[in-house]
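J.: The structure is given below, and queries will be raised subsequently.
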Ligand code: HEM
C-alpha cells in the first residue's frame, strides 16, 4: 500500500462511531467506512452498531467475511491507519506457501513428517507449480467459473510454455526434449508423482468445472493419438495440442450408452480411403471448443476409434450441467462426416483395447484432483469451525462438529495414502502390468474417493450451515464442492460400476484352490 498509514490509539478510533463518521478496526488495521457504509453489501446499519462503530470488529468481521475481502484493492483503500501498539495477525499467503492448518496439506508436505515416495526435487517442483497456479490460473479460474467462458488463450499459452499441458498426460515419449517447469525436473525423471502434483495443485486453485475446462478433454483424448496414431498423424496433431494451440475431446459416451461402451451407436462406414461417420455423442468435456474428437465408432467388425477433426458435418452444442459451462460440456453430432482412414487410432475393430488403455490413467487422475479438492474442504471446515463463535464458543466446542471433522480427515487421509501406494505401483510397472494389476484397485480407489467426497460435502454443509448454500461469501467453496463433487462419481466411469469392476477383477484372480 503506497499511502502513508498513521497510528491511532483505541480511544482516538472510538471517537468515530456514528453515521457519516465511522471507523472500525479489523486485525489491528483501521478502516474509514464513513462513505463506504451506504455501499456495503451487508448494509450500513451493521457498521453503526454498538461493538462495531469505533471498535475492534475483528471477530464479527471474520464471522461474516472471507479474508480475501480485505485484500481486494477497492477495500484495501479504505484503510487509513493501524492501532498503536498492535500488529496484524492474519496475513495472506505468499503464492507457493504451504498452509499450516493441520491436514490442509498432504503429510509429505507437512513439516516434521516423512515420506517414502517424494524427494526434495518433488518438493521444489510442487512449490513452483503451486506458485504458478496461484498467481496465473486461480484469478482466471475464478472469473471463468462465474462467467462460464472458456479459459483464456493467454493462460493456456503460459501453461504450455512450462509444458504443464504435456505433463498432465504423464511420463512418456511426448515429454522428450521438453523443458519441464523451467527445468526443475528432466523428462526422463518425470514420474507419476510429479504428474500427480500437477493434478492436485490444479484442484486446489480451481473448481471441479475449471479442472475439466483446463483441457481435461485433451488429457484423455490425446493419449490414443500418442499411443495408437500413425507417425504422420502424431506429427500433425500432437505438437499443436501440447502447445495449447489445438484442443482435443474424447467422444465416447452417448445418450444411448455410457459405461457400457459396447452399446454405442455412432457408426463409421468405409468408403474408399475414407470413413463416413454418423452419430451423436453426449457429455463431451471440452466439446464446445475442441478442434479434434477422439471418437468411439461402431464399424463392420466391431468397435474402432477414429480421430475426427472439426469440419463439415460436425456440430457441437453446449449442454447445461450442474457445474459451470467453463468445462465446455457438449452434445456433439456427426452427420456423414468424411475422415481419412489414416485417422484410425489402433487396429480396426479393436477400439475397445484403445479405450480401455486410457481409462486407468483417467480414473487415477480423477482420484488426484478429487482427493485434493476434498483436502481443501477439510481446511475450510477446520478454519471455519475454529473461527465461528456460537453460543459464545467456537463451533469446535461441539462434539458433533468434531465428529464430522474426524470423519472427513480420516477419509481424505485414507484416500491420499491409497492413491500414493497406487502411484508407486504405476511408477514400477510397465504398461501391460499396470493394465493387468491396477485396473481393479484404481476402480475401487475412485469409488472410495468419490463416495468420500460426497459424504464430506454433506458434512461440510452441516458445518457451514446456510453459508454453504450461497455461491459467494464464506461458504462458497463448500457450495461449489457440494454441487459438483458428484461429477467425480460419474465421469471416467460411474462409481458403482468401478467398485464392481474392482471386485470382478479380484474374483477372476482368486486361486482355484482357495477354501476356508
Ligand atoms: C472494511 C470493512 C468491511 C468491508 C470491506 C466489508 C465488505 C463486505 C462485502 C464485500 C460483503 C459481501 C459478501 C462477501 O463478499 O463476503 C459484505 C457482507 C456483509 N458484511 Fe461487510 N464489510 C466490512 C465490514 C463489516 C463489519 C464490521 C460488519 C459487521 C460486524 C459487516 C457485516 C456484513 C454483513 C452482515 C454482510 C452480509 C453477510 C452475508 O450475506 O452472509 N461488514 N461485507
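The values are calculated or read from the model by the stated rules, or taken from the named source; none is laboratory data. As the structure is a computational prediction, the values presented were derived from the model and not from experiment. Quick reminder, even Gly has a Cβ in these numbers, built from the backbone with ideal geometry, and neighbours come from all protein chains shown.
J.: Take segment 169-188 and flag every residue that is surrounded by fewer than 17 Cβ atoms within 10 Å (Cβ to Cβ) and out of contact with any strand residue (DSSP E or B) (no Cβ under 9 Å at 6 or more places or on another chain).
T.: Within segment 169-188, 172, 173, 176, 177, 178, 179, 182, 183, 188 qualify.
J.: Of the residues 471, 503, which is within 16 Å of the ligand (Cβ to nearest atom) and on the phi < 0 side of the Ramachandran plot?
T.: Checking each option against the conditions leaves just 471.
J.: Can you tell me which residues in segment 48-60 are crowded, with 19+ Cβ neighbours inside 10 Å and without any contact (Cβ under 8 Å) to a residue 40 or more places away in the chain?
T.: Across segment 48-60, the qualifying residues are 52, 53, 57.
J.: Where residues in segment 14-47 are over 41 Å from the mean Cα position of the chain (by Cα) and crowded, with 16+ Cβ neighbours inside 10 Å, which of them is nearest to the ligand (Cβ to nearest atom)? Spell out how you get there, then give the answer.
T.: From segment 14-47, those over 41 Å from the mean Cα position of the chain (by Cα) are 14-22; that's our starting set.
Okay, now just the ones that are also crowded, with 16+ Cβ neighbours inside 10 Å, so 16-17, 22.
Working: 16: 13, 17: 12, 22: 9 Å.
Ranking the candidates gives 22 first.
J.: Can I ask one more? Please count how many residues of segment 152-168 are out of contact with any helix residue (DSSP H, G or I) (no Cβ under 6 Å at 6 or more places or on another chain) and either crowded, with 20+ Cβ neighbours inside 10 Å or modelled with pLDDT under 95 (or both).
T.: 3
J.: Looking at segment 210-231, is at least one residue without any contact (Cβ under 8 Å) to a residue 40 or more places away in the chain and either surrounded by fewer than 24 Cβ atoms within 10 Å (Cβ to Cβ) or touching a helix residue (DSSP H, G or I) at 6+ places or on another chain (Cβ under 9 Å) (or both)?
T.: yes
J.: Checking the structure you have, find out if any residue of segment 325-346 is free of Cβ contacts under 8 Å to residues at least 12 places away in the same chain and more than 31 Å from the chain's Cα centre (by Cα).
T.: Checked against the condition, which is being free of Cβ contacts under 8 Å to residues at least 12 places away in the same chain and more than 31 Å from the chain's Cα centre (by Cα), segment 325-346 yields no hits at all.
J.: I want to confirm something. Restricting to segment 212-256 and keeping residues that are more than 26 Å from the chain's Cα centre (by Cα) and outside any helix (DSSP H, G or I), which single residue is nearest to residue 148 (Cα to Cα)?
T.: Restricting to residues being more than 26 Å from the chain's Cα centre (by Cα) and outside any helix (DSSP H, G or I), the top hit is 256.
J.: Please specify each residue of segment 456-468 satisfying the condition of being more than 20 Å from residue 412 (Cβ to Cβ) and more than 11 Å from the ligand (Cβ to nearest atom). Give the derivation first.
T.: Step one: filter segment 456-468 for residues more than 20 Å from residue 412 (Cβ to Cβ), giving 465-467.
Result: no residue meets the conditions.
J.: As an exercise: evaluate residue 8 against (1) surrounded by 16 or more Cβ atoms within 10 Å (Cβ to Cβ); (2) more than 10 Å from the ligand (Cβ to nearest atom); (3) under 21 Å from residue 476 (Cα atoms) and give the number of the one condition it does not meet.
T.: (3)
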